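*Asks:* Take a look at this one; I'll ask things after.
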Amino acid sequence: MRFGPPWNKDVIKITRRQLYEQIWKEPVQQLARRYGFSDVWLARICRNYNIPRPPRGHWARIQSGQKVPRPPLPKEKEDPSIELNVRPPGSKEQRNIENEAVSRKRTIPAVIVPEVLKEPHPLVEASSRILESCKSDSAGIVIPSSGRCLDIRVSRESIPRSLLIMDALIKTLDAMGFEVSISEKSTRVKVLDVFLNMGIGEELYRRRLKAGDLNLDGYYQFGYNLFEEQSLPSGRLYLTIGDLGFYTAGEYRKNWRDTESTRLEDSLKSFISGLLKAAAVKKAKGKHE
């Protein structure tokens, strides 16, 4: 199996043992950078080939002089070679694009989400009115009925919070000179002279219903299940970056979510950093073709 962005021209073959040795000689981020793709993609390769990776804090312990044992490489019945699509050293133009993205990341301000929506951005204000009149689908997610609404797909209970997040995010992007607009039911943001899609959604969870909770009236069918699963809103929100149809093969992070330890409101600066990374990848790919 070959790993790496399809526009990369150089292909190298390594064994599991070789990649295992490389993973434990330098941080994954550095190794991935040398191959020309993201550390997320490299981690995926390791999972697919059952190659253990250093845990968080490993290299800090090494730098402090500690001797840290490493787990052995698990034995496999077969030891297939791994084909990596590696990116050759970038052109000066490509390096300039990446440097520009890094420079802009340093200017990202803290994004504060208020508890009350005051003086909302025009796009947020218009979307709020549209969402108020929209119906929910079978899973309880409100579906925007107009193409002039921000890409917000959450339950009715989560709409106020989603609007607060989008308002703070759009105002920050505006202040950084990144244009936000709505086109064909998509929220677009112009970063580094390229367009990306972004949106906010709500995760669903599955609930099992007993037969007694179901409507058993009507025609009997063989194979009737005693249980049925129903999708319901979880209250957990996520922000996503759309790829606008181009293949990135793990080149950048696409989703930021509510977790047990971090609310989405606290990840907006990281999300903007992700937009810059995605824009640099797309712009570099456009120059590469």
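*Asks:* Given the structure, is Ser158 modelled with pLDDT of 95 or more and among the small types (Gly, Ala, Ser)? Reasoning before the result, please.
*Replies:* On the way: modelled with pLDDT of 95 or more: yes; among the small types (Gly, Ala, Ser): yes.
Taking the combined requirement at face value, the residue satisfies it.
*Asks:* For the subset of segment 109-124 comprising residues that are assigned to a helix (DSSP H, G or I) and either closer than 14 Å to Ser162 by Cβ or aromatic (Phe, Trp, Tyr) (or both), which member is least open to solvent (accessible area, probe 1.4 Å)? Steps first, please.
*Replies:* Of all residues in segment 109-124, those assigned to a helix (DSSP H, G or I) come to 122-124.
Okay, now just the ones that are also either closer than 14 Å to Ser162 by Cβ or aromatic (Phe, Trp, Tyr) (or both), so 123-124.
Values: Leu123: 33, Val124: 0 Å².
If we take residues in segment 109-124 being assigned to a helix (DSSP H, G or I) and either closer than 14 Å to Ser162 by Cβ or aromatic (Phe, Trp, Tyr) (or both), then Val124 is least open to solvent (accessible area, probe 1.4 Å).
*Asks:* Tell me, which residue of segment 10-39 that is modelled with pLDDT under 90 and touching a Pro at 6+ places or on another chain (Cβ under 7 Å) is least open to solvent (accessible area, probe 1.4 Å)?
*Replies:* If we take residues in segment 10-39 being modelled with pLDDT under 90 and touching a Pro at 6+ places or on another chain (Cβ under 7 Å), then Phe37 is least open to solvent (accessible area, probe 1.4 Å).
*Asks:* Here's a check for you: in segment 134-143, which residue that is at pLDDT below 95 and closer than 28 Å to Thr172 by Cα is farthest from the chain's Cα centre (by Cα)?
*Replies:* Among those residues, the one meeting the criterion is Cys134.
*Asks:* Of the residues Ser81, Ser103, only one is closer than 30 Å to Arg44 by Cα, open to solvent by 40 Å² or more (accessible area, probe 1.4 Å) and touching a strand residue (DSSP E or B) at 6+ places or on another chain (Cβ under 8 Å); which? Give the steps one after another, and end with the answer.
*Replies:* Working: Ser103 fails: touching a strand residue (DSSP E or B) at 6+ places or on another chain (Cβ under 8 Å).
Going through Ser81, Ser103 in turn, the sole match is Ser81.
*Asks:* Can you pull out every residue in segment 22-70 that is under 24 Å from the mean Cα position of the chain (by Cα), over 27 Å from Ala284 (Cβ atoms) and not β-branched (Val, Ile, Thr)?
*Replies:* Answer for segment 22-70, where residues must be under 24 Å from the mean Cα position of the chain (by Cα), over 27 Å from Ala284 (Cβ atoms) and not β-branched (Val, Ile, Thr): Tyr49, Asn50, Pro52, Pro54, Pro55, Arg56, Gly57.
*Asks:* Can you list residue pairs whose Cβ atoms sit under 8 Å apart, with the first residue in segment 254-273 being under 17 Å from Gly177 (Cα atoms) and among the charged types (D, E, K, R) and the second being open to solvent by 50 Å² or more (accessible area, probe 1.4 Å) and part of a loop (DSSP other than H, G, I, E, B)? Count only pairs 6 or more apart in sequence or on different chains.
*Replies:* Every condition considered, the pairs that remain are Lys269/Pro109; Lys269/Ala110.
*Asks:* Tally the residues that are over 23 Å from Arg208 (Cα atoms) and open to solvent by 20 Å² or more (accessible area, probe 1.4 Å), restricting the search to segment 133-158.
*Replies:* So the answer is 9.
*Asks:* Pick from Arg129, Arg153: which is without any contact (Cβ under 8 Å) to a residue 24 or more places away in the chain and within 26 Å of Ser234 (Cα to Cα)?
*Replies:* Working: Arg153 fails: without any contact (Cβ under 8 Å) to a residue 24 or more places away in the chain.
That would be Arg129, the only listed residue that is without any contact (Cβ under 8 Å) to a residue 24 or more places away in the chain and within 26 Å of Ser234 (Cα to Cα).
*Asks:* How many residues are open to solvent by 60 Å² or more (accessible area, probe 1.4 Å), modelled with pLDDT of 80 or more and out of contact with any Pro (no Cβ under 9 Å at 6 or more places or on another chain) if we restrict to segment 196-228?
*Replies:* In the first step, residues of segment 196-228 are kept if they are open to solvent by 60 Å² or more (accessible area, probe 1.4 Å); the result is 204-208, 210, 212-213, 215-228.
Filter once more, so that each one left must be modelled with pLDDT of 80 or more: 204-207.
Next, from what is left, pick out any that are out of contact with any Pro (no Cβ under 9 Å at 6 or more places or on another chain): 206-207.
Total meeting the criteria: 2.
The values are calculated or read from the model by the stated rules, or taken from the named source; none is laboratory data. Every value quoted in this text rests on a predicted model; they were computed, and no experiment measured them. All Cβ positions, glycine included, derive from the backbone under ideal geometry; neighbour counts span all protein chains shown. All accessible areas refer to the heavy atoms of the entire protein, side chains included, with ligands and DNA or RNA removed. Shrake-Rupley method; radii C 1.70, N 1.55, O 1.52, S 1.80 Å.
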